[in-house]
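Structure first, commentary second.
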Amino acid sequence: MRCEMNVCWKWLRVFVLLVAPFLVACASPAGEDTVGTSVSGVGHYGKRIGVADFFVNGQWAGAVTGWGGGGGNVCCASLPRHPDKPVMVTVKWRTIRSNVGEEAWHEQTVSVNFAEKEPGYMFVHFLPGHRVEVWSSARLGPGNPNYAGPAYPRDPAPDYAPLPNEKPQPNAEVKP
């Protein structure tokens, strides 16, 4: 019985030292009128490109495949508890096109689109042309057909369409 108690205390210490600070960071508002929310990314680029890293207001928020969801939810971003004026966030992300050996950083400051009057989960959509849209939704996520933001990508994924200043896809027809 004593051995089992020691194991319990060991796991409690691990929780308190490693997990609890993250939970407190998400739950602790930056100010009285803000709330912490999780962040998730959604790729709309297509095949053969991925978002290796992305940051929201300087905080690492994960990685995303080029078509569909990313690595789950990451804690945290602060949003106003009662958004009554535009809320701006800066998203910085790194794309990698491994089939052509191209890596690039992008950055945009955009307004958060609120699907409801109260803040919810934050979804960062990575769109063709290296654009982003940020949505906050408390009730519905990108996989729901009634979600207010961009529709969740469905298979089959299209090939990534490089911009004029990017390397062309291998074996792609080059137009004059």
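The values are calculated or read from the model by the stated rules, or taken from the named source; none is laboratory data. All figures in this text were calculated on a predicted structure; none of them were measured in a lab. Cβ sites come from the backbone with ideal geometry, for glycine too, and all protein chains shown count toward neighbours.
Among the residues that make up segment 141-156, is at least one of them under 12 Å from Tyr45 (Cβ atoms) and surrounded by fewer than 15 Cβ atoms within 10 Å (Cβ to Cβ)?
no
Scanning for something modelled with pLDDT of 90 or more, surrounded by 12 or more Cβ atoms within 10 Å (Cβ to Cβ) and not in a strand (DSSP E or B), does segment 5-25 turn up at least one residue?
No, because not a single residue in segment 5-25 is modelled with pLDDT of 90 or more, surrounded by 12 or more Cβ atoms within 10 Å (Cβ to Cβ) and not in a strand (DSSP E or B).
So which strands (runs of 3 or more DSSP E) stay within segment 40-135 end to end and still have 1 or more residues that are under 11 Å from the mean Cα position of the chain (by Cα), farther than 30 Å from Lys167 by Cβ and at pLDDT 95 or above?
By residue number, 121-127.
Taking the options Gly149, Gly143, name whichever one is outside the structural domain of Ile49 (by TED's automatic domain parsing) and either assigned to a strand (DSSP E or B) or within 14 Å of Val39 (Cβ to Cβ) (or both).
Only one candidate passes the filter, namely Gly149.
Within 18 Å of Thr37 (Cα to Cα) and among the charged types (D, E, K, R): does that describe Glu133?
yes
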